[in-house]
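The values are calculated or read from the model by the stated rules, or taken from the named source; none is laboratory data. A quick note: this is a predicted structure, and the numbers were derived from the prediction, not measured. Cβ: placed from backbone, ideal geometry, glycine included. Neighbour counts: every protein chain shown.
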Amino acid sequence: MSQTTIALTYDNLVNRIVPGPQSLSYFVPLVVLPIAFSIPPWIASKQTLCAVALPIISASLVHAWTVMGGIDVISFDMLLHSYHLLLFNDPRRHFRRILAKTATAEKTRTPKVGSRDGKDESTTPQYIEQPYPAKWSGRLPWIGTLLISMRFVDWKIGSPSHDSKQPDRNPTAPSHLRFILTAILRTLSGYVVLDLTSAWTQQDPYFKTFGVSVDSPLPQYALSGLLPPRLIRCTIMALQVWASVGQQFQLPCTLPVALHWMGYLPDAWSPHLWPTFFGSFRATFTTPNLGAVRNFWGRYWHQTLRYYCSGSGVWLANLMRLPRRSQSRYLLISATTFFFSGIVHIGLVPPEPIFALKSANQIRWLILVFFWLQPVGFAFETAVSVVLHHIGTPRLIYTILNILWFTAWCCFVLPFLGEAGRNLGYWRVWPVPVSLWQGITLGKWLAWV
């Protein structure tokens with residue numbers, strides 16, 4: 001389907017562009033979950049909460065998906081959220097919220113070197129662990145904070161690798177001003193990359209024409225003959241994902257950072273003190289093993305949905321008594337994590353995509369294949385690393401192999417997302433409203449007019 005246009009009504013938005021709520025049942029978990037946790041464990045056990053709350057939550061979401069003609073990202077995340085907190089864990093008995101309290105330091109204490117504001121401090125942070133509160137006044141903020149904690153920063157949740165880092169603060173926390181300026185700069189850099197890569201996708205027939213292979217010849221003016229077409233097109237796709245996801249996390253955080261700067265928010269609510277959303281991309285390739293794909297997902301890419309998607313795998317691994325740090329446990333958790341991560345991401349597909357040649361279910365399968373292939377890459381890396389360690393591979397060779405392997409893996413898996421994106425029409429519109437590229441080359445600065 002070529003240049004199709006529709007009126008931007010709510011019905012068209014949620015059925016043809018991006019799925020969204022179409023019934024009140026969609027919002028039932030937002031009511032049931034806090035009510036369930038407001039009931040103390042000495043009144044209702046975990047088993048009772050699961051028996052009552054989970055069927056209600058599950059049935060309401062199934063009804064919502066039936067009305068919607070499929071799932072969406074937020075609603076399926078709510079389902080994972082509910083099962084993680086109600087079934088796979090018992091927060092009312094085992095979770096502890098980490099709270100800061102101010103303790104007067106000894107007058108003779110040496111001032112803390114390198115404090116955030118560069119000033120001597122007469123107080124030093126002390127922390128307490130707050131279990132499920134008995135009083136309503138403490139229980140409500142405890143529950144509210146729990147339900148919005150995606151990464152469980154400042155929570156003890158019974159995971160040794162997680163709990164040993166709590167309270168987790170950025171070891172090299174930037175100043176307020178530096179964080180805000182960096183957030184703006186990263187957003188602008190992502191904006192420019194989106195604009196420039198869109199100049200390519202608008203001219204390359206692969207991104208807009210059905211049936212054109214990712215290996216088909218590049219446009220005449222391009223780098224034809226210098227680099228493989230698949231490599232260039234996969235690089236364009238990767239840059240767009242990096243720009244639209246990887247560079248947008250910090251900008252919404254500038255408001256709470258500014259409020260903390262003015263003294264209106266405590267440390268725990270200021271994102272510039274949190275562990276970073278993304279790790280080091282360079283570290284993806286420099287570990288002494290073949291592990292670029294594992295490092296990308298586990299150390300570099302954001303971990304926002306990590307606990308919800310991996311909860312069932314951890315629960316199964318514990319049920320099967322798989323040893324900690326064993327390969328079998330790691331592969332089981334990886335497989336379940338990406339199984340559910342794939343399902344979360346098919347929530348981007350509306351029931352009747354505007355531009356699609358393929359059906360909604362066919363597009364969903366393309367997205368699922370991308371995510372479900374990732375543990376296969378993990379297993380390959382694990383097997384090859386055993387051989388490389390056995391022959392005593394130098395660290396420099398590991399770095400070279402990781403770069404080559406990661407490039408090859410991306411060229412293999414990204415075309416699945418490319419085909420899904422082409423059917424969803426992601427490259428049929430210019431993604432930014434004001435285009436530097438169009439302004440400079442065509443004199444048309446407003447891309448959406």
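One line per residue, one yes/no per condition, for (1) closer than 30 Å to Ser359 by Cβ; (2) part of a helix (DSSP H, G or I); (3) free of Cβ contacts under 8 Å to residues at least 24 places away in the same chain; (4) among the acidic types (Asp, Glu):
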{"site": "Arg169", "(1), (2), (3), (4)": "no, no, no, no"}
{"site": "Phe179", "(1), (2), (3), (4)": "no, yes, no, no"}
{"site": "Thr187", "(1), (2), (3), (4)": "no, yes, no, no"}
{"site": "Val192", "(1), (2), (3), (4)": "no, yes, no, no"}
{"site": "Ser198", "(1), (2), (3), (4)": "yes, yes, no, no"}
{"site": "Ser213", "(1), (2), (3), (4)": "yes, no, yes, no"}
Report whether or not Ile74 is modelled with pLDDT under 95, within 29 Å of Trp142 (Cα to Cα) and either in the same structural domain as Leu316 (by TED's automatic domain parsing) or part of a helix (DSSP H, G or I) (or both). yes
Count, please, the residues in region 163-191 that happen to be surrounded by 14 or more Cβ atoms within 10 Å (Cβ to Cβ) and farther than 21 Å from Val153 by Cβ. 3
Quick one: which helices (runs of 4 or more DSSP H) sit completely within region 285-362 and have at least 3 residues that are in contact with a Pro (Cβ under 7 Å, 6 or more places away or on another chain)? 327-345
Unmet requirement for Leu316, which otherwise passes all of (1) without any contact (Cβ under 8 Å) to a residue 40 or more places away in the chain; (2) closer than 29 Å to Ala408 by Cα; (3) over 20 Å from the mean Cα position of the chain (by Cα): (2)
Taking the criterion of being surrounded by fewer than 16 Cβ atoms within 10 Å (Cβ to Cβ) and among the aliphatic types (A, V, I, L, M), would at least one residue in region 81-94 satisfy it? no
Within region 4-43, can you find the residues that are in contact with a Pro (Cβ under 8 Å, 6 or more places away or on another chain) and within 16 Å of Ser58 (Cα to Cα)? Phe27
Among (1) closer than 30 Å to His94 by Cα; (2) surrounded by 15 or more Cβ atoms within 10 Å (Cβ to Cβ); (3) within 27 Å of the chain's Cα centre (by Cα), the one test that Pro21 misses: (1)
Could you please tell me which pairs satisfy a Cβ distance under 6 Å, a separation of 6+ or placement on different chains, a first residue in region 327-349 that is free of Cβ contacts under 8 Å to residues at least 24 places away in the same chain, and a second residue that is surrounded by 20 or more Cβ atoms within 10 Å (Cβ to Cβ) and hydroxyl-bearing (Ser, Thr, Tyr)? Ile333/Ser310
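Yes/no matrix, rows are residues, columns are (1) within 19 Å of Gly298 (Cα to Cα); (2) in a helix (DSSP H, G or I); (3) free of Cβ contacts under 8 Å to residues at least 40 places away in the same chain:
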| position | (1), (2), (3) |
| --- | --- |
| Phe371 | yes, yes, yes |
| Gln374 | yes, yes, no |
| Phe378 | yes, yes, no |
| Val387 | no, yes, yes |
| Leu401 | yes, yes, no |
Write out, first by first residue and then by second, each pair whose Cβ atoms fall under 9 Å of each other, whose residues are 6+ apart or on separate chains, and whose first residue, in region 272-284, is surrounded by fewer than 17 Cβ atoms within 10 Å (Cβ to Cβ) while the second is of a type in the set (A, V, I, L, M). Pro275/Val153
Just checking, does region 424-439 include any residue being out of contact with any strand residue (DSSP E or B) (no Cβ under 9 Å at 6 or more places or on another chain), closer than 12 Å to Ser198 by Cβ and part of a helix (DSSP H, G or I)? yes
Subset of region 374-431 that is of a type in the set (Ser, Thr, Tyr) and touching a Leu at 6+ places or on another chain (Cβ under 9 Å) - its residue that is farthest from Pro350 (Cα to Cα): Thr393
Residue list for region 265-307, restricted to those being touching an Asp or Glu at 6+ places or on another chain (Cβ under 8 Å) and either under 14 Å from Gln250 (Cα atoms) or among the aromatic types (Phe, Trp, Tyr) (or both): Leu273, Trp274, Pro275
Please find, among Leu227, Leu265, the residue that is surrounded by 15 or more Cβ atoms within 10 Å (Cβ to Cβ), without any contact (Cβ under 8 Å) to a residue 12 or more places away in the chain, at negative phi and not in a helix (DSSP H, G or I). Leu265
